[in-house]
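Just so it is clear, none of the values below were taken in a lab; they were calculated from the coordinates. Because the structure is a prediction, the values reported are computed rather than measured. Cβ placement follows ideal geometry from the backbone for every residue including glycine, while neighbour counts extend to all protein chains displayed.
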Amino acid sequence: MFSKYLTVAMCVAIMLLTISSTTEAGRRGAGPSGDAKVHNIQHGSQKAAKDAARQGGQGAPIKHQAHNPGQRDHFHSTDGKGGKKDNGVHHNFGPKRG
């Protein structure tokens, strides 16, 4: 009986540690190094951002206008079907939008 409760307690502890490490690393979780996954990469030009997004995907990248004030225009990598990749990385370029 005691071992059953110990096993449940260990499972709960593991779940709490997993949730804690994900929260500490950011909403996107931790990458292989344990640091937060990269979400925004700033590039010096539109061409550099487009090339980097192309390298991270499997086709022509998707260009997006800044979503909100204070953000930048950016490219997303695409999957084999031409859709935006699920990794969510923004390859930013240009000035912040007002």
Listed by chain and number, the lysines with an alpha carbon less than 25 angstrom from that of Lys63, same-chain partners under 8 positions apart left out, are Lys37, Lys47, Lys50, Lys81, Lys84, Lys85, Lys96
Each label sits 7 Å from Cα toward the beta-carbon; between Arg54 and His39 the label points are separated, in nm, by 2.8
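Between beta-carbons, use under 15 Å as the cut-off and find the net charge around Thr78, counting Lys and Arg +1, Asp and Glu -1.
Working: positive: Lys50, Arg54, Lys63, Lys81, Lys84, Lys85; negative: Asp51, Asp79, Asp86.
Counting the neighbours of Thr78, the net charge comes to +3.
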